[in-house]
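A.B. asks: First the structure, then my questions, so here it is.
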Amino acid sequence: MEKAGADLIHVDIMDGHYVPNLTIGPGVVSSLRKTTALPFDVHLMIESPDRYIDAFADAGSNILTVHAEAVVHLHRTVQTIKGKGIKAGVSLNPATPLSCIEEILPDIDLLLIMTVNPGFGGQKFIAGMLPKIRKARELAQTRGLGMAIEVDGGVTPDNIGILAEAGADIFVAGASVFGSPSYGDTIARMKAILGGIR
Ligand code: ZN
């Protein structure tokens, strides 16, 4: 993926409970870690993520993101992740309002706004998430917050421009890259669109 032009590797961890699908655990992340120098952005779509923070941090995560909906004491979880010396992210499902994590925004490094319901790749982007992205960007600006705003789900060369205009600055692209004939060309096309906006 380095050669194809990606800036980071987003790793989706699913446990078959929090989401219906099942993917990989810390062992595989640790093995993948040896294959690239790109930062690992690990997205935990799992129940009780607190139990696995140590394992995923030790496996080589650079950013560890938990779902606000899956955690009881989010502030503590965020502090635990940061205590491992890595960046902490919080993700919101499409139906979860931004207001439920407003107070914790100054503490996080990354806000991950799901633009599909988590669980499977290849879903269609939910356009109703654009106002949420705009609101998050506005909050970050008015309060001088340094968090990155990431979008995950249905990101394609056709919508990456409007997502960037709404305020997103990290874009997770799965099916639109892996389903294309050339990963490099698709990523370059997306970056060219972003370059025209910034
Ligand atoms: Zn993800």
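The values are calculated or read from the model by the stated rules, or taken from the named source; none is laboratory data. Because the structure is a prediction, the values reported are computed rather than measured. Positions of Cβ are backbone-derived with ideal geometry, glycine not excepted, and every protein chain shown enters the neighbour counts. To get the accessible areas, we keep the full protein, side chains included, count just its heavy atoms, and leave off ligands, DNA and RNA. Shrake-Rupley method; radii C 1.70, N 1.55, O 1.52, S 1.80 Å.
A.B. asks: Rounded to whole Hz and in sequence order, give me ³J(HN,Hα) for the stretch 58-72 from the Karplus expression 6.51 cos²θ - 1.76 cosθ + 1.60, θ = phi - 60°, writing x for Gly and Pro.
C.D. replies: Ordered by residue, 3J(HN,Hα) equals 5, 6, x, 5, 9, 10, 10, 10, 10, 8, 4, 6, 9, 10, 8 Hz.
A.B. asks: Using each residue's phi in the stretch 73-88, evaluate 6.51 cos²θ - 1.76 cosθ + 1.60 at θ = phi - 60° and report the 3J(HN,Hα) Karplus result to the nearest Hz, with x for Gly and Pro.
C.D. replies: Going residue by residue, I get 10, 4, 4, 5, 4, 4, 5, 5, 4, 5, x, 7, x, 10, 7, 10 Hz, with x marking Gly and Pro.
A.B. asks: Calculate, in nm to one decimal, what T23 and K3 gain on full extension: separation in residues at 0.36 nm each, minus their alpha carbon distance.
C.D. replies: Values: separation 20, 0.36 × 20 = 7.20 nm, distance 2.47 nm.
That pair, T23 and K3, stretches by 4.7 nm at full extension.
A.B. asks: Take each of the peptides 40-46, 113-119, average the number of other beta-carbon atoms within 10 Å over its residues, and list them starting from the highest.
C.D. replies: Details: 40-46: 23.9, 113-119: 21.1.
Highest to lowest by the protection proxy: 40-46, 113-119.
A.B. asks: Order the peptides 25-34, 155-164 from the highest to the lowest mean number of other Cβ atoms within 10 Å of their residues. Walk me through the numbers before you get to the answer.
C.D. replies: Values: 25-34: 14.1, 155-164: 18.8.
For the peptides 25-34, 155-164, the packing ranking is 155-164, 25-34.
A.B. asks: Which percent, to the nearest 5, of DSSP beta bridges fully inside the chain are antiparallel? Before the final figure, lay out the partial values.
C.D. replies: Working: 1 of 28 bridges.
The answer is about 5 percent antiparallel.
A.B. asks: Using a 1.4 angstrom probe on heavy atoms only, work out the carbon and sulfur share of the accessible area of the stretch 107-198 in %.
C.D. replies: Values: 2340 of 4330 Å².
Answer for the stretch 107-198: carbon and sulfur cover 54 percent of the accessible area.
A.B. asks: Could you state the per residue volume, in Å³, of the convex hull enclosing the Cα atoms of the chain? Please list the in-between numbers first.
C.D. replies: Numbers: hull volume 22.6 nm³, N = 198.
Looking at the chain, the number lands at 114 Å³ per residue.
A.B. asks: Rounded to the nearest whole Å², what accessible area per residue is found for the stretch 1-77 with the 1.4 Å probe?
C.D. replies: Details: 3740 Å² over 77 residues.
Ligands and nucleic acids excluded, the result is 49 Å² per residue.
A.B. asks: May I ask which residue of S176, I108, Q79 lies farthest towards the positive end of the charge dipole of the chain, with charges of +1 (Lys, Arg) and -1 (Asp, Glu) on Cβ and the Cα centre as origin?
C.D. replies: Most positive-ward Cα: S176.
A.B. asks: Tell me what the chain gives for mean residue ellipticity at 222 nm when only DSSP H runs of n ≥ 4 count, each as -39,500 (n - 2.57), the sum divided by the residue total, rounded to 500 deg cm²/dmol.
C.D. replies: -9000 deg cm²/dmol
A.B. asks: If you roll a 1.4 Å probe over the heavy atoms of the protein chains, what accessible area per residue do you get for the stretch 87-152, in Å²? Let's see the in-between values first.
C.D. replies: Working: 2880 Å² over 66 residues.
Value for the stretch 87-152: 44 Å² per residue.
A.B. asks: Go through the stretch 182-195 residue by residue and turn each phi into a ³J(HN,Hα) via Karplus (6.51, -1.76, 1.60, θ = phi - 60°); whole Hz please, and just put x for glycine and proline.
C.D. replies: Each residue of the stretch 182-195 in turn: 10, 4, x, 5, 5, 5, 4, 5, 5, 5, 5, 5, 5, x Hz.
A.B. asks: I've got another one for you. For the pair S182 and Q79, what calculated FRET efficiency results from E = 1/(1 + (r/R0)^6), where r is the Cβ-Cβ distance and R0 = 35 Å, to the nearest 0.05? It would help to have the intermediate numbers written out before the result.
C.D. replies: Working: r = 42 Å, r/R0 = 1.21.
Computed FRET efficiency for Q79 and S182: 0.25.
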